[in-house]
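Some notes on the structure that comes next.
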Amino acid sequence: MTASSHTPPPLEPRDLALRRLSRWLLACWALLIASASLYPFEADLRRLLEALASGLPRLREWRTPSQRDAMVNLLLYLPLGLLGSIALEKGHALTRRILWPILGASLLSFAIEFIQHALPARDPSIADWVLNVVSAALGTLLAVAYSVLPVRPFSRRLQQLAIGPAPALLVALWLTAHLAPFVPRLRPGRIEAAVESSLALPLSVAQLFGYLACYLVLGALLHALLRRPYFWSGLLGLFACSLAGRLLFVGQQLGPAEVLAMAIALPLIAVLRHPEPLRRNSRLFFPACLALMVAGLWPATGVAGATAVWLPFAELAGGLADPGALPLPERLFLGIGLAWLALNGGTQRIPPLQLVMAIAIAAEFLQQWIPRRGPDTTDSAAVLMGAALAQNVARIDPRLSPRRST
């Protein structure tokens, strides 16, 4: 018997695609766990060194967690074990599919508990680590049970989706904007306070049009991701997740501008739908561009705007934010999404990408004379980033290549 007889057979394209998707989801979920476990990111290295010198007494002490903490710890690592086992399916032994995800989850959980010694707002505990390991083990067992079922409806449904890298990335960016820093509000009182604070927010017309452009782009993305029978269920589900995330996660607020924008976007998407992808994208592209222009030129309310800052992502550098602009993650989503939409059926009469760039640049330039607006180059930089991403992705995914003129 030769050594080649022990080599596992090559995977089919569908299995390879599922493995790649599982690995990406696994990495993203690990980042979400780290973000939720280390929030609010106020570390004190001296606290960590003192705890290390004393032998990590808080980590070695068993403290029975509350019912809420126990549920969170038992659920948080379950997807990690599930995705880890799926990523190793077909090509790895059953024991590896069970042990490797558990080992990875235990190392990740221990590293987080160790780092929490430097966070005054966190309380490390060996009980949390044990619950996390149990959670990952349950996830691997679910994956193993799922793999031996005679019918696998989730895989069948997943294989029917036309998932491409660019739209999937944008949907992930949109969800991240509505869930970050991924710390849920689990107490009813905090959820009620979030609802009350959201109802007290003033209506910003500029943000209303900005969110309208975002939701039109989101509609085009769902068209690219889902086949026709699943479009409306997926769209309404994603819209519902967007609203729920604003209320159920720390650091999020649901303003009236976004609610009204969603209410306007739904009938617009229904009216502007077309069976042909290029015609449909063109119909959604122009209203989104118009909404972007109005959002950039509408005067803001409240405090006076900042002076002109010609620096991309000036907020990250400590600059003042534009009172009428969307939050930074949504601005990134809109700029990248409009560039993707422009390169996938924007228009044939006007160069679509140049049109988006012209609107973004003109709006920011004119904001110097618009009351209480603060011009910067964030939107223009986001469009350029989106153009670069969409064009590079098109080279590796033929389904997303820019349209060709006939």
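What follows draws every value from the coordinates through simple rules; no lab data is involved. What you see is a predicted model, and the numbers here were worked out from it, not measured in a lab. No Cβ is skipped: glycine too gets one built from the backbone with ideal geometry, and neighbour counts run over all protein chains shown.
Rounded to the nearest 0.05, what FRET efficiency is calculated for Phe114 and Ser197 with R0 set to 45 Å and r the Cβ-Cβ distance?
0.80
At 4 °C and 1.567 mPa s, grab the translational diffusion coefficient of region 175-282 from Stokes-Einstein with a Kirkwood Rh over Cα pairs, rounded to a whole number in µm² per second.
Answer from the Stokes-Einstein relation: 87 µm²/s.
Jot down the radius of gyration and Dmax of region 82-124, Cα atoms only, both in angstrom.
Considering region 82-124 through its Cα atoms, Rg and Dmax are 14.3, 44 Å.
Could you work out how far apart the two model spin labels at Leu99 and Glu50 are, taking each label as a point 7 Å from the Cα in the direction of the beta carbon, and quote it in nm?
Spacing of the two 7 Å Cα→Cβ label points: 4.1 nm.
If you wrap region 31-142's Cα atoms in a convex hull and average its projection over all directions, what's the area in nm²?
7.3
Ranked highest first by the average count of other Cβ atoms within 10 Å around their residues, in what order do 360-371, 56-67 fall?
360-371, 56-67
Just to verify a number: FRET efficiency for Ala145 and Gln368, C-beta to C-beta distance, R0 = 60 Å, to 0.05? Don't skip to the answer; put the middle values down first.
Numbers: r = 62 Å, r/R0 = 1.03.
Computed FRET efficiency for Ala145 and Gln368: 0.45.
When you count, for each residue, the other Cβ atoms within 10 Å and take the mean per peptide, how do 168-180, 285-297 rank with the highest first?
285-297, 168-180
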